Amino acid sequence: MTPDFDAAIIGAGCVGLAVGRALAARGRSAAVLERHTRFGEGASSRNSEVIHAGLYYPTGSLKARLCIAGKQALYAYGAERGFRAEPIGKLIVATAPEDLAALDRLMAQGLDNGVEGLSLIDRADAQALEPAIACLAAIHSASSGLVDSHLYMLALLGDIEAAGGALVRSTPFEKAAWTGEAWRVTAGGESFTATLLVNAAGLEADVAARGIQGLGPGMRPEIRYAKGDYFRVTGPMPFSRLIYPAPNPSGHGVHYTPMADGRARLGPDVEVIAKPRYDVDESKISAFVEGAARYWPEVRRRTLLPDYAGVRPKIGAAPAAFEDFRIDGPERHGLPGLYCLYGIDSPGLTSSFALGEIVASAACEKA
């Protein structure tokens, strides 16, 4: 039997599209199934668009390795395809004496992970880079940056279509079964066949997994949801770089992100929720101002406006404790040509290009 496509990919976010592009680069066609009318309508459309350097994750973890590889690939791909992927730099700041040890630990973690462009600087050096900053010391991460996620996904889709693949819009995945030769996939009331099946459904990866015949309950992690609100800062931008507080046990604090249109935003925070929702809680404004004022005292003179909210998929003990990306291939579940991606939260955007490569490489080696 000749399959209709080489691969069926569930989910047209940055990860699903990156998998499709990586398969296209290997001469494979992919049908990317998306239940919405456009690509990137889930978590990929509601994030900070930050390209992370790779400091925060345990050495050797998928998050550490794929963040660094993905960052480098994003900068190269953006230069090749003409969309914004720019290393603007980041300052991670210690604003109290108790933050200094956390800064030292984070610097050591980054160096262990092989992150390039890191330097530990004092207050004078930090203020030479960003005069409005208030801090005792900082890590300068030169390789951190920003990406235009929409144009990035548009470029990925172009590569997929050039290889004979397609984005199948308004077509929710329903079920799939292995026929002995290929996967018979049903989506949007229609059926087709594909040699490979990739579950990159993000927030709904566990729901999609329930429709895959032979994938038992023990092979489907429960996905929970972490919501993050963002607030827009009015007035001129005080910083040209990303500004992050030193991490603490409760999280990474209130982040400052400059935007391409001359505005800036603060966020996200982390709120565990029962199901995805995208309202911005205006009562959080005072907490955001208080958090940002630790490194930017002038924020008290500014007005914050509700901007948007994003939701990230969490598995295992996250967000209370670190959980790595989970990529389940045939060696884990025993089903030929099936790859399920779970818990692709931050740094999922940064890692997406590398995630596509690792899935496509594994799939094509076994094909």
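Residues in the range 118-157 that are in contact (Cβ under 8 Å) with a residue 60 or more places away in the chain, touching a His at 6+ places or on another chain (Cβ under 8 Å) and not in a strand (DSSP E or B): how many? Working first, answer last.
Step one: list which residues in the range 118-157 are in contact (Cβ under 8 Å) with a residue 60 or more places away in the chain, which gives 118, 129-130, 132-135, 139, 141, 143-157.
From what is left, the residues that are touching a His at 6+ places or on another chain (Cβ under 8 Å) are 118, 129, 144.
Now drop any that are not not in a strand (DSSP E or B), which leaves 129, 144.
The number of residues fulfilling the criteria is 2.
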Exactly one of Tyr278, Tyr308 is surrounded by 15 or more Cβ atoms within 10 Å (Cβ to Cβ) and hydroxyl-bearing (Ser, Thr, Tyr), and that one is Tyr308
Among (1) closer than 21 Å to Gly329 by Cβ; (2) under 19 Å from the mean Cα position of the chain (by Cα); (3) of a type in the set (Ser, Thr, Tyr) - the single one Ser29 does not satisfy: (2)
Scan the range 345-357 and report the pairs whose first residue is of a type in the set (A, V, I, L, M, F, W, C) and whose second residue is modelled with pLDDT under 95, with Cβ atoms within less than 6 Å and a gap of 6+ or a chain change. Leu349/Asn47
What pairs come out if I take residues in the range 226-240 that are more than 17 Å from Trp296 (Cα to Cα) and of a type in the set (A, V, I, L, M) and pair them with residues that are buried (at least 20 other Cβ atoms within 10 Å of the Cβ) and at pLDDT 95 or above whose C-beta lies under 6 Å away, six or more apart or interchain? Ala226/Arg312; Ala226/Lys314
How many of the residues making up the range 318-344 are out of contact with any Phe, Trp or Tyr (no Cβ under 9 Å at 6 or more places or on another chain) and closer than 12 Å to Tyr225 by Cα? 2
Specify the residue that is farthest from the chain's Cα centre (by Cα); the eligible residues are those in the range 186-229 that are small (Gly, Ala, Ser) and in a loop (DSSP other than H, G, I, E, B). Gly189
In the range 48-102, residues that are assigned by TED's automatic domain parsing to the domain that holds His252, of a type in the set (Asp, Glu) and part of a helix (DSSP H, G or I) total 1
Where the second residue is of a type in the set (Asp, Glu) and assigned to a loop (DSSP other than H, G, I, E, B) and the first is buried (at least 24 other Cβ atoms within 10 Å of the Cβ) and lies in the range 1-29, which pairs have Cβ atoms under 9 Å and are six or more apart or on separate chains? Ile10/Glu34; Gly11/Glu34; Ala12/Glu34; Ala12/Glu41; Gly13/Glu34; Gly13/Glu41; Gly16/Glu34
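The values are calculated or read from the model by the stated rules, or taken from the named source; none is laboratory data. Keep in mind the model is a prediction, meaning the values are calculated, not measured. Counting neighbours? That spans all protein chains shown, and the Cβs are built from the backbone with ideal geometry, glycine included.
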